[in-house]
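Notes to accompany the following structure.
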Amino acid sequence: MSTAIIIVAAGSGIRMGGPVAKQWQVLGSKGVVHRSVEAFQAALPEARIVLVLRAEDLSRADEFPGCQVVAGGAERAGSVLAGLEALEGSDCAHVLIHDAARPLVPAEMILRVSDTLDRHVAVAPGLALSDALWRTQGDRITGTADRTGLWRAQTPQGFRYEAILEAHRAHRGGPAADDVAVALAAGIEVALVNGDERALKLTHPEDMERASAMLEVAMDVRVGQGFDVHAFGPGDHVTLCGVTVPHGRGLAGHSDADVGLHALCDAIYGALGAGDIGRHFPPSEAEWKGADSMRFLDHAAGLVRERGYRVSQADVTLICEAPKIGPHAQAMQDRIAPVLGVAADRISVKATTSERLGFTGREEGIAAMAVATLVAP
């Protein structure tokens, strides 16, 4: 079933203060909206993303390649409805609705909501209240309140697409605390899953300070390297980084012998401490004979998401005298990028020769080196 993401960034964000709305303020080295979009691209790279912006911000659509950008409404519910209606007629079965003001939402929380949606019509993450609650009047405490059964709501909130579309249309875009409120008003039962403190909502200046501190403290950077070699054999083409390149010989190997992707997979597995490609796809198993190496890269990317990381960048160097790689490098980057859930400019594919030295210099085969950088959160 196809999953879509609606990221709502159409508010005014006036409580945050500052020269621009909070969704456009910079958190660390990136804008708040950009961080939210990248979080979902990394966690669910195949999902369609609809980004809902204020009408006056639509000119920034080019900053979000691969996203469908639509104008929001006066209220949050109206903005969500605009996003839902943008998906009408597609194959969308599940939709996750997220506030852009929660830019540090971790991949494991996104996947927890998405996976639970397979068993429920609606699901939302939350955090159980642990502090005592007071009632106040002005600057005086007048009493206490029972916190039993009270949870702090978070996003993304997940729904079966047709159910939440119908609920929002019945709601007519008026005020609502969140999409759970709209769903409950329509009689939809909503399942609860655990949220995550990292998915805090940016509302006041101190929230931005807290998020910045979390980003600095929690960031975990891992780097892995990979190396692979395949000999030339009979054939009329080679497959390199997922692209078919015409050549007078092919590459010999149990799978499609894509030496570039094999090195890249090993770099990713290495960064995760997860062994090498042979551990996950043994050449002794007939299942992988002639296999498309993009399947291996997809598996490696899945492990990255499952363990709460995202790919920051990857660099592949192909070492050969022939064929010429330059004319195909951009196509290779474009093939790799969506599998890893990043923009193509975060992937580098380049080539070098060995100055006619060694087995590559004698054109007996191709070697590849790769480096991958993973970051969490």
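Just the residues that are at pLDDT 95 or above, among the basic types (Lys, Arg) and surrounded by 11 or more Cβ atoms within 10 Å (Cβ to Cβ), please, taken from region 126-165.
The answer is Arg152, Arg160.
Just to be sure, is Leu303 in a helix (DSSP H, G or I), assigned by TED's automatic domain parsing to the domain that holds Thr360 and buried (at least 21 other Cβ atoms within 10 Å of the Cβ)?
Working: in a helix (DSSP H, G or I): yes; assigned by TED's automatic domain parsing to the domain that holds Thr360: yes; buried (at least 21 other Cβ atoms within 10 Å of the Cβ): no.
Spelling it out, it is not the case that Leu303 is in a helix (DSSP H, G or I), assigned by TED's automatic domain parsing to the domain that holds Thr360 and buried (at least 21 other Cβ atoms within 10 Å of the Cβ).
Quick one: which helices (runs of 4 or more DSSP H) sit completely within region 193-294 and have at least 1 residues that are closer than 30 Å to Gly31 by Cα and aliphatic (A, V, I, L, M)? Reasoning before the result, please.
On the way: elements: 205-218, 259-272, 277-280.
Those helices (runs of 4 or more DSSP H) span 205-218, 259-272.
Given the criteria in contact with a helix residue (DSSP H, G or I) (Cβ under 8 Å, 6 or more places away or on another chain), under 22 Å from Ala314 (Cβ atoms), free of Cβ contacts under 8 Å to residues at least 24 places away in the same chain and not basic (Lys, Arg), does Gly226 qualify?
On the way: in contact with a helix residue (DSSP H, G or I) (Cβ under 8 Å, 6 or more places away or on another chain): yes; under 22 Å from Ala314 (Cβ atoms): yes; free of Cβ contacts under 8 Å to residues at least 24 places away in the same chain: no; not basic (Lys, Arg): yes.
So Gly226 fails the test.
Of the numbered conditions (1) at pLDDT 95 or above; (2) touching a His at 6+ places or on another chain (Cβ under 9 Å); (3) more than 14 Å from Gln154 (Cα to Cα), Ala77 fails exactly one; give the number of that condition.
Only one criterion is unmet by Ala77, namely (1).
Which ones in region 74-106 are of a type in the set (Gly, Ala, Ser), surrounded by fewer than 17 Cβ atoms within 10 Å (Cβ to Cβ) and under 21 Å from Ala183 (Cα atoms)?
Step one: list which residues in region 74-106 are of a type in the set (Gly, Ala, Ser), which gives 74, 77-79, 82-83, 86, 89-90, 93, 100-101.
Pick out the ones that are also surrounded by fewer than 17 Cβ atoms within 10 Å (Cβ to Cβ) and you get 74, 89-90, 93.
The answer is Ala74, Ala93.
Gly308 - would you say it is outside the structural domain of Val37 (by TED's automatic domain parsing), surrounded by 14 or more Cβ atoms within 10 Å (Cβ to Cβ), in contact (Cβ under 8 Å) with a residue 60 or more places away in the chain and in a helix (DSSP H, G or I)?
Values: outside the structural domain of Val37 (by TED's automatic domain parsing): yes; surrounded by 14 or more Cβ atoms within 10 Å (Cβ to Cβ): yes; in contact (Cβ under 8 Å) with a residue 60 or more places away in the chain: yes; in a helix (DSSP H, G or I): no.
So Gly308 does not fit the description; no.
Given the conditions (1) touching a residue at least 60 places away in the same chain (Cβ under 8 Å); (2) over 17 Å from His247 (Cα atoms), which single one is not true for Gly365?
Every condition holds for Gly365 apart from (2).
Quick check on my filter: what residues within region 325-362 are part of a loop (DSSP other than H, G, I, E, B), out of contact with any Gly (no Cβ under 6 Å at 6 or more places or on another chain) and without any contact (Cβ under 8 Å) to a residue 40 or more places away in the chain?
Within region 325-362, the first condition is being part of a loop (DSSP other than H, G, I, E, B), and the residues that meet it are 325, 341-343, 353-357, 362.
Narrowing further to those that are out of contact with any Gly (no Cβ under 6 Å at 6 or more places or on another chain): 325, 341-343, 353, 355-357, 362.
Correct list: Thr353, Glu355, Arg356, Leu357, Arg362.
The values are calculated or read from the model by the stated rules, or taken from the named source; none is laboratory data. As the structure is a computational prediction, the values presented were derived from the model and not from experiment. All Cβ positions, even for glycine, are placed from backbone atoms using ideal geometry, and neighbour counts span all protein chains on display.
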